[in-house]
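Have a look at the structure below, then the notes.
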Amino acid sequence: MTIAPSSCRPSAEVVERWMTQYGTDVKRLCLMLLRDLPLAEDAAQESFLKAWRGYGAFRRDASEKTWLMHIAVNVCRDMLRTSWFRRFDRRVIPEELPLTAEPGLPDPTLAQAIMSLPLRQREAILLRYWQGMSIEEIALALRCSENTVKSCLQRGKRKLKEQLERWYFDE
């Protein structure tokens with residue numbers, strides 16, 4: 001592994017700002033993709049380490065948030081591809097989800113439904129609705145076309161609607 005020269009690395013203040021500003025979002029995204037809290041923490045840490053190492057390659061054609069989310073998604077994809085990971089059923093219970101600045105979900109049904117989506121749809125839904133990213137930013141983060149993002153969002157929302165149709169009416 002090649003490490004970029006120190007002149008291409010961000011300052012400690014920049015890394016600290018990233019972690020303060022985006023740390024919870026990156027960790028939450030990793031948790032929803034990996035479904036395992038310790039692995040999500042490792043993935044978030046690895047994401048910031050890769051961002052620090054690869055800062056010299058950051059072309060600034062996207063925002064820092066988009067760039068960091070792209071790195072986090074790729075770190076999670078790499079973890080999901082390992083044969084070790086595929087051997088275990090790693091489900092997160094909603095109580096393990098990190099708290100947000102806003103009030104949390106009172107009912108874990110939505111989080112469970114999102115976590116049950118196929119990976120590509122889950123990525124698109126999380127980046128759009130949990131991270132508030134635009135279609136263009138998601139396409140940059142996932143390195144795919146905007147039409148692919150729209151398709152993943154549409155399919156994911158359709159599956160969520162099917163799963164959640166009776167959510168409020170079962171009581």
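The values are calculated or read from the model by the stated rules, or taken from the named source; none is laboratory data. Since this is a predicted model, take the numbers as computed values, not measurements. Positions of Cβ are generated from backbone atoms using ideal geometry, with glycine treated the same way; all protein chains shown enter the neighbour counts.
Points to keep in mind about this one:
- All helices (runs of 4 or more DSSP H) inside region 76-171 with 2 or more residues being modelled with pLDDT under 85 and surrounded by fewer than 11 Cβ atoms within 10 Å (Cβ to Cβ): 83-86
- Single unsatisfied condition, GLU16 versus (1) closer than 21 Å to ALA124 by Cα; (2) at pLDDT below 90; (3) acidic (Asp, Glu): (1)
- Failed condition for SER11, given (1) at pLDDT below 90; (2) surrounded by 13 or more Cβ atoms within 10 Å (Cβ to Cβ): (2)
- Among the residues of region 22-62, just one is out of contact with any helix residue (DSSP H, G or I) (no Cβ under 7 Å at 6 or more places or on another chain), of a type in the set (S, T, N, Q) and either surrounded by 20 or more Cβ atoms within 10 Å (Cβ to Cβ) or in contact (Cβ under 8 Å) with a residue 40 or more places away in the chain (or both), namely THR24.
- When we screen LYS65, LYS27 for residues that are at pLDDT below 90 and within 23 Å of ILE135 (Cα to Cα), the only hit is LYS65.
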